[in-house]
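Below is one structure, written out as structure tokens, with a few remarks after it.
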Amino acid sequence: MGLREKYAYAISTAKGKFDGSAQEQDGKLHFVGSVESEAEKNEIWSAIKTIPDWRNEVVADIKVTGGGAAAAPAKTYTVKSGDTLSKIAKQHLGNANAYMKIFEANRDQLSNPDLIKPGQVLKIPG
């Protein structure tokens, strides 16, 4: 089975929203193109991530081109020794219980909210 077949769900999710292509090249599936909104980009990423091997098989460059309201600039935080997502959430979002918001915003690099490492750069949602 080729990668296009393996990622058929992600490709079908992208249809009608994604101005670009998903091509197999050098053993990887390259998604290159643009969408109108961050929500569409996230929907495509969620579909890609339904395949456990996606990190080793997919290269994606999905740009958001839509106008609309200007998004707040993304904040980031570099994890330090002793940090937890709860501690970071309390500091940046004002509520330690909001740690799952940070986890969800960083699903591309985190698989478990209890496993963060010093040096990781995390996106802090608005």
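Since every read-out is calculated from the coordinates, none of them should be taken as a lab result. As the structure is a computational prediction, the values presented were derived from the model and not from experiment. Cβ atoms come from the backbone with ideal geometry, glycine included; neighbour counts cover every protein chain shown.
Summary table
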| read-out | value |
| --- | --- |
| Rounded to 5, percent antiparallel among DSSP beta bridges of the chain | 60 percent |
| Segment 22-33 - phi-based ³J(HN,Hα) in whole Hz, Karplus 6.51/-1.76/1.60, Gly and Pro as x | 10, 10, 7, 7, 6, x, 10, 9, 9, 9, 10, x |
| Separation of the residue 87 and residue 15 label points, Cα + 7 Å toward Cβ, nm | 4.9 nm |
| Overall Cα dimensions of segment 3-64 - principal axes, largest extent first, Å | 28, 20, 17 |
| In range of the label at residue 4: residues from segment 31-52 whose backbone nitrogen is under 14 Å from the point 7 Å along Cα→Cβ | 31-32 |
| Loop-resident sites, segment 34-126, for chymotrypsin sites (Phe, Trp or Tyr not before Pro), counting at most 15 other Cβ within 10 Å (DSSP) | none |
| Estimated vicinal HN-Hα couplings, Hz - segment 54-66 in sequence order (Karplus 6.51, -1.76, 1.60; Gly, Pro = x) | 3, 4, 8, 10, 10, 10, 10, 10, 10, 9, 9, 10, x |
| Order of 38, 24 under a 10 Å beta carbon neighbour criterion, fewest first | 38, 24 |
| Simple Cβ-charge dipole of the chain, Lys/Arg +1 and Asp/Glu -1, about Cα centre, in debye nearest 20 | 460 debye |
| Using alpha-carbon coordinates, inclination of helix 38-48 to the longest axis of the chain, degrees | 70 degrees |
| Hz values of 3J(HN,Hα) by residue in segment 6-12 - Karplus curve (6.51, -1.76, 1.60), Gly and Pro given as x | 4, 9, 4, 4, 5, 5, 5 |
| Net charge contributed by nearby residues that have their C-beta within less than 10 Å of residue 96 (K/R +1, D/E -1) | +2 |
